[in-house]
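S.K.: Right, I'll just put the structure down here and ask away after.
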Amino acid sequence: YIVQHTWNIVLPMRVQGMVLTGYTLWVAGPPDYVDEEETFSRLAQRENEVLKKLAEQDAALNGERGALLRAVNTADGRMIREMNLPALPVWDGLIAANGRLYMATQTGAVVCLSSN
């Protein structure tokens, strides 16, 4: 399939893996807690609260907050489904085959998800 879209959405995650299945784009990665531009501005103003947000983001990037897996409709960018997963995917660690979604994790496991 060729994905042609006119939508633009911001995902609440740092995408580390994605795979296209028909008209659904699956994306996975750690949660994203900070807006970089806002954070930079707040750091420049020496706000202490921003340091807590940065620590939370650091924990997420280190895998301490698990991962998000989101299914997105390629036609309009609408979220179809989202779920929390216990571990981060490895870089480019998603694949789809025979109606199943597989994710290789940074913990060394392979997760298999199926609609059955």
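The values are calculated or read from the model by the stated rules, or taken from the named source; none is laboratory data. Note that the structure is predicted; figures quoted are calculated from it, not measured. Glycine also receives a Cβ, built like all others from the backbone with ideal geometry; neighbour counts cover every protein chain displayed. With ligands, DNA and RNA removed, areas are computed over all heavy atoms of the protein, side chains included. Shrake-Rupley method; radii C 1.70, N 1.55, O 1.52, S 1.80 Å.
S.K.: Can you go through Ala75, Ala87, Ala71 and tell me which one is touching a Lys or Arg at 6+ places or on another chain (Cβ under 6 Å), of a type in the set (Gly, Ala, Ser) and modelled with pLDDT of 85 or more?
M.R.: Only one candidate qualifies: Ala71.
S.K.: Could you please let me know if Tyr33 is of a type in the set (Ser, Thr, Tyr) and assigned to a loop (DSSP other than H, G, I, E, B)?
M.R.: On the way: of a type in the set (Ser, Thr, Tyr): yes; assigned to a loop (DSSP other than H, G, I, E, B): yes.
Yes, satisfied.
S.K.: Among Arg46, Arg70, Arg42, which is the only one that is open to solvent by 30 Å² or more (accessible area, probe 1.4 Å), among the basic types (Lys, Arg) and within 30 Å of Ser114 (Cβ to Cβ)?
M.R.: Values: Arg46 fails: within 30 Å of Ser114 (Cβ to Cβ); Arg42 fails: within 30 Å of Ser114 (Cβ to Cβ).
Step by step, each of Arg46, Arg70, Arg42 is checked, and only Arg70 is open to solvent by 30 Å² or more (accessible area, probe 1.4 Å), among the basic types (Lys, Arg) and within 30 Å of Ser114 (Cβ to Cβ).
S.K.: For segment 64-95, which positions are out of contact with any Phe, Trp or Tyr (no Cβ under 7 Å at 6 or more places or on another chain) and in a loop (DSSP other than H, G, I, E, B)?
M.R.: Scanning segment 64-95 gives Glu64, Arg65, Gly66, Arg78, Pro86, Ala87, Leu88.
S.K.: Also, I was wondering about something else. Since Glu47 meets every condition but one in (1) under 28 Å from Trp7 (Cβ atoms); (2) more than 12 Å from the chain's Cα centre (by Cα); (3) not aliphatic (A, V, I, L, M), which condition does it not meet?
M.R.: (1)
S.K.: Can you name the condition, by its number, that Val34 falls short on among (1) in contact with a strand residue (DSSP E or B) (Cβ under 9 Å, 6 or more places away or on another chain); (2) open to solvent by less than 50 Å² (accessible area, probe 1.4 Å)?
M.R.: It is condition (1) that Val34 fails.
S.K.: Can you tell me which condition Ser114 does not meet? The list is (1) more than 14 Å from Met18 (Cα to Cα); (2) under 14 Å from the mean Cα position of the chain (by Cα); (3) loosely packed, with under 15 Cβ neighbours inside 10 Å, and all the others hold.
M.R.: In the conditions (1) more than 14 Å from Met18 (Cα to Cα); (2) under 14 Å from the mean Cα position of the chain (by Cα); (3) loosely packed, with under 15 Cβ neighbours inside 10 Å, Ser114 misses (2) alone.
S.K.: From the list Ala75, Ala104, Ala60, Ala96, pick out the single residue that is under 19 Å from Arg14 (Cβ atoms), surrounded by 12 or more Cβ atoms within 10 Å (Cβ to Cβ) and in contact (Cβ under 8 Å) with a residue 24 or more places away in the chain. So that I can check it myself, show each step before the final result.
M.R.: Numbers: Ala75 fails: under 19 Å from Arg14 (Cβ atoms); Ala104 fails: in contact (Cβ under 8 Å) with a residue 24 or more places away in the chain; Ala96 fails: under 19 Å from Arg14 (Cβ atoms).
Going through Ala75, Ala104, Ala60, Ala96 in turn, the sole match is Ala60.
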